[in-house]
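Here, each number is a calculation from the coordinates, and none is a lab measurement. Quantities reported herein were computed from a predicted structural model and do not represent experimental measurements. All Cβ positions, even for glycine, are placed from backbone atoms using ideal geometry, and neighbour counts span all protein chains on display.
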Amino acid sequence: MRYIFMSIVAFGTWLLWSGHYTLEHTLVLAIGILSCAFVVYLAGRLSIVDEEGYSIHLIWSLALYIPWLIWAIIKANIDVAKRILNPRLPIAPRIVRVTGTQKTDLCRVIFANSITLTPGTVSLDLDEEDIVVHALTKEAADDVQSGDMDRRVTTALEQ
């Protein structure tokens, strides 16, 4: 099933980027299908398709998590912009340690990347249990330590 889904994603990506959608380009479409199938075959032979590969069941959960993440990024952008434009607003950099509840490496990396994508915070180190985060302000550190993003990543990706 993983290889079928990988083939569909590969061909969909190829189709999107190639721009050949009609039967007038039958040869081009056939070559596209064959090249995508060959790439999936090579990926299988090289054993680079892992257990956490493409999980169809995650699509719906990610559809809820990604808009929340975009909103968090927008809010953090506004906060950082205010602090840059108004020198009276405090900047109190700090390093905090956040414990994630994710069980897989993929989920831990997504959590760390989500922290880094949010302006005002950067993931510095990631190990089996904790993420070391540099926060620009006390509020940003408190927000990361509140566990809201951790819960959302765990809920969206570990079902």
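The phi torsions of the range 78-95, fed into the Karplus equation with coefficients 6.51, -1.76 and 1.60 and a -60° offset, translate into couplings of 5, 4, 5, 4, 4, 5, 6, 7, 10, x, 6, 6, x, 10, 10, x, 7, 10 Hz, rounded to whole numbers, with Gly and Pro shown as x.
Extending 7 Å from Cα along the Cβ direction at Trp17 and again at Arg88 yields two label points whose distance is 5.1 nm. Note on the range 117-131 and the range 1-35: Cα centroid distance 37 Å, given to the nearest whole angstrom.
Look at Phe5, Phe111 and count the other Cβ atoms within 10 Å of each Cβ; fewest to most, that gives Phe5, Phe111. Among Val122, Val132, Val40, the largest mean-square fluctuation in a Gaussian network model of the chain, built with springs joining Cα atoms closer than 10 Å, belongs to Val40. Each of Ser146 and Leu117 was given a label point 7 Å from its Cα along the Cα-to-Cβ line. The distance between the two points is 1.8 nm.
Normalising the average separation of contacting C-alpha pairs (under 8 angstrom, six or more residues apart) by the number of residues puts the relative contact order of the chain at 22 percent. Put a dot 7 Å past the Cα of Phe38, heading toward its Cβ, do the same for Arg2, and the two dots end up 2.4 nm apart. Annotation: for a label point projected 7 angstrom from Cα along Cα→Cβ of Trp60, residues of the range 138-159 with backbone N closer than 17 Å are 155-159. Taking 20 °C and 1.002 mPa s as conditions, the range 58-157 diffuses translationally at an estimated 155 µm²/s according to Stokes-Einstein applied to its Kirkwood radius (Cα pairs).
Relative to the longest principal axis of the Cα atoms of the chain, helix 148-157 runs at roughly 20 degrees.
Treating r as the C-beta distance of Trp68 and Thr26 and R0 as 41 Å, the FRET efficiency rounds to 0.45. Which of Trp17, Trp71, Trp60 moves the most in a Gaussian network model of the chain with Cα springs under 10 Å? Highest fluctuation among the options: Trp17.
Residues within the reach of a label modelled at Arg97 (point 7 angstrom out along Cα to beta-carbon, backbone nitrogen below 11 Å), restricted to the range 117-131, are 129-131. Each residue of the range 28-40 is assigned a 3J(HN,Hα), and the resulting list reads 5, 5, 5, 5, x, 4, 5, 5, 5, 5, 5, 5, 5 Hz, derived from the Karplus form 6.51 cos²θ - 1.76 cosθ + 1.60 (θ = phi - 60°), x at Gly and Pro.
Of Arg94, Arg45, Arg83, the residue with the greatest mean-square motion in the GNM of the chain, using alpha carbon springs below 10 Å, is Arg45.
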